[in-house]
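Undergrad: Could you have a look at this structure, given as structure tokens, before my questions?
The values are calculated or read from the model by the stated rules, or taken from the named source; none is laboratory data. Quick caveat, the model's predicted, so the values are computed rather than measured. Note that each Cβ is placed from the backbone with ideal geometry, even for glycine, and that neighbours are counted across all protein chains shown.
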């Protein structure tokens, strides 16, 4: 019964997150890290990243076809994020350290999700700033196995980096490459393995949810309310994780 609940939750998370250009990694982790599932980091981390990849790949293709994704504009964010995500994925953390870091990261993610995307003051970012921001988020992404778009997107909205659709497109591409980088690091460390009997049904659930969400987009779904409801749920899940591991 618990696994069926997880399947339904993953489907809904993928549908909601993909509508705004995210992969859902923070919520997948929040769900799987709950103590009553009894899952270990070596199972949780690759599962979250694989689900991310399945969800955002469709979104990246759609954004590229719509002309919202320009590699000339986004490469500075990606050039350092991928190797740093690999470093984070390779980094061997104890179970306790992972869950504590995950708990605090989810608290931060909840805050970023709550922030309403609004036009900022129009400040541009130079290449050095873009590389630095991308690398820092990439390292955190690799350590806790999220894509990082949930942190990058609000920053870009606040400085009015581009229109909302272009920011969502960058977030999708950022999540995709960081998730791949994190997986490479995890497998290179030899400490993680993919339990396909557990993960494959979850991948099917997020594939369906992600395809629906990518096509609906924010025009159909009022994203701000959904983001804030999700933020509250992630916040509660993070407190539950920290309560058991601090």
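Undergrad: Got at least one residue in segment 197-215 being modelled with pLDDT under 80, on the phi < 0 side of the Ramachandran plot and part of a helix (DSSP H, G or I)?
TA: Checking segment 197-215: at least one residue is modelled with pLDDT under 80, on the phi < 0 side of the Ramachandran plot and part of a helix (DSSP H, G or I).
Undergrad: Considering (1) farther than 27 Å from residue 104 by Cβ; (2) in a loop (DSSP other than H, G, I, E, B), say which one residue 169 fails and leave the rest.
TA: With (1) farther than 27 Å from residue 104 by Cβ; (2) in a loop (DSSP other than H, G, I, E, B) applied to residue 169, the lone miss is (2).
Undergrad: In segment 143-169, what residues are over 17 Å from the mean Cα position of the chain (by Cα) and free of Cβ contacts under 8 Å to residues at least 24 places away in the same chain?
TA: The answer is 163, and nothing else.
Undergrad: I've got another one for you. Please find, among 226, 137, the residue that is in contact (Cβ under 8 Å) with a residue 40 or more places away in the chain and surrounded by fewer than 24 Cβ atoms within 10 Å (Cβ to Cβ).
TA: 226
Undergrad: Given the structure, is residue 49 within 27 Å of residue 228 (Cβ to Cβ), in contact with a helix residue (DSSP H, G or I) (Cβ under 6 Å, 6 or more places away or on another chain), buried (at least 22 other Cβ atoms within 10 Å of the Cβ) and at pLDDT 90 or above?
TA: Spelling it out, residue 49 is indeed within 27 Å of residue 228 (Cβ to Cβ), in contact with a helix residue (DSSP H, G or I) (Cβ under 6 Å, 6 or more places away or on another chain), buried (at least 22 other Cβ atoms within 10 Å of the Cβ) and at pLDDT 90 or above.
Undergrad: Let me ask you something else. Hey, among the residues in segment 41-69 that are part of a helix (DSSP H, G or I) and either more than 16 Å from residue 23 (Cα to Cα) or free of Cβ contacts under 8 Å to residues at least 12 places away in the same chain (or both), which one's farthest from the chain's Cα centre (by Cα)?
TA: 65
Undergrad: Could you please let me know if residue 20 is surrounded by 15 or more Cβ atoms within 10 Å (Cβ to Cβ) and within 20 Å of residue 184 (Cα to Cα)?
TA: When the stated conditions are applied, residue 20 does not pass them.
Undergrad: Can you tell me which condition residue 194 does not meet? The list is (1) part of a helix (DSSP H, G or I); (2) more than 17 Å from residue 13 (Cα to Cα), and all the others hold.
TA: If we test residue 194 against (1) part of a helix (DSSP H, G or I); (2) more than 17 Å from residue 13 (Cα to Cα), just (1) comes out false.
Undergrad: Please state which one of 99, 36, 104 is surrounded by 20 or more Cβ atoms within 10 Å (Cβ to Cβ), over 14 Å from the mean Cα position of the chain (by Cα) and either at positive phi or not in a loop (DSSP other than H, G, I, E, B) (or both).
TA: Being surrounded by 20 or more Cβ atoms within 10 Å (Cβ to Cβ), over 14 Å from the mean Cα position of the chain (by Cα) and either at positive phi or not in a loop (DSSP other than H, G, I, E, B) (or both) holds for just one of 99, 36, 104, which is 99.
Undergrad: For segment 112-146, which residues satisfy the criterion of being within 20 Å of residue 31 (Cα to Cα) and modelled with pLDDT under 90?
TA: 112, 113, 114 - these are the residues of segment 112-146 that are within 20 Å of residue 31 (Cα to Cα) and modelled with pLDDT under 90.
Undergrad: Return yes or no: is residue 150 outside any helix (DSSP H, G or I), touching a helix residue (DSSP H, G or I) at 6+ places or on another chain (Cβ under 8 Å) and within 22 Å of residue 61 (Cα to Cα)?
TA: It is false that residue 150 is outside any helix (DSSP H, G or I), touching a helix residue (DSSP H, G or I) at 6+ places or on another chain (Cβ under 8 Å) and within 22 Å of residue 61 (Cα to Cα).
Undergrad: Just to be sure before I move on: is residue 157 out of contact with any strand residue (DSSP E or B) (no Cβ under 9 Å at 6 or more places or on another chain), under 30 Å from residue 1 (Cα atoms) and crowded, with 18+ Cβ neighbours inside 10 Å in the structure I sent?
TA: Answer is no for this residue.
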